[in-house]
Amino acid sequence: MRFIVLIPLALILAAAAQDSLGDDGILRCSTETSTLAINSSSLIEKRQNQALLPISIDLYMHFVAPDNGAPKKLLRKAAKRQLDALNNAFRPSRISFTMRNVLFWNDAFHATIQNNQELASMIARYHRGDAKTLNLFVPKFPSKSLGIGACVSFDNLFIDQSVPLSSDGCFVSPTTLPGSATAGYNQGKSAVHEAGHWLGLLHTFEGGCDGQGDHIPDTPAQAKATYTCDESQDTCRFSPGLDPIHNYMGYSYE
């Protein structure tokens, strides 16, 4: 069973730094989320039974290229920087990641994934480990329509028990790895965002100004996805608190 630690994890991620485009035309995340997963009794049971800290999560990183790709030495260094970014973000919540392997795949089809079906196909083909293992894929040329990161919908993984474990995983664009040349997205926090989804967290702007939002009591309501770093932004003026622009589960620039 995957670890679900929604409430304590969200409190930490909120203190650190839907399908809408930023001013730069980049889609931040195409993970399909909904309150269906949160309201599922099976998910609630999993969360109650497994919210035991500290937690260590095995990590496999997969680089998928249409050829031999960049030198493996450079990619291993990039993987190490990404691992450090994940551990720095999650350390206050007593969650850590251990790199089990960095894998390289020569696969022209999956190096250029175009949609969620191809994402699921890639994950199914190369998945390693069990349900407590995060598989993070870095396809060389993902379609812009998928954004710069996504996970296979955790609604399906938790509610439809027929969904195979091999479809469980996330991807990020290589432009999001720490040290890349893409300003605003190159600190490795896209992987932190997707790991949050993998652990059960929703976007901060889930449900807009109405309803229960991301189902975390102390997350201020946020009307929509925004990319601003303006700490005074308040898109839900009749709800307490300013927009949580430093929350990893939002879309603010890094």
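Read-outs: derived from the displayed coordinates by stated rules, not from any lab. Keep in mind the model is a prediction, meaning the values are calculated, not measured. Counting neighbours? That spans all protein chains shown, and the Cβs are built from the backbone with ideal geometry, glycine included.
Of note:
- Cβ-placed point charges (K, R +1; D, E -1), dipole of region 56-198 about Cα centre in debye, nearest 20: 700
- Put simply, region 56-198 fits an ellipsoid with semi-axes of 20, 19, 14 Å; these come from the alpha carbon gyration tensor as the roots of five times its eigenvalues, largest first.
- Annotation: for a label point projected 7 angstrom from Cα along Cα→Cβ of LEU53, residues of region 80-119 with backbone N closer than 16 Å are 87-97.
- Span per principal axis, largest first, for the Cα atoms of region 71-149 (Å): 37, 28, 24
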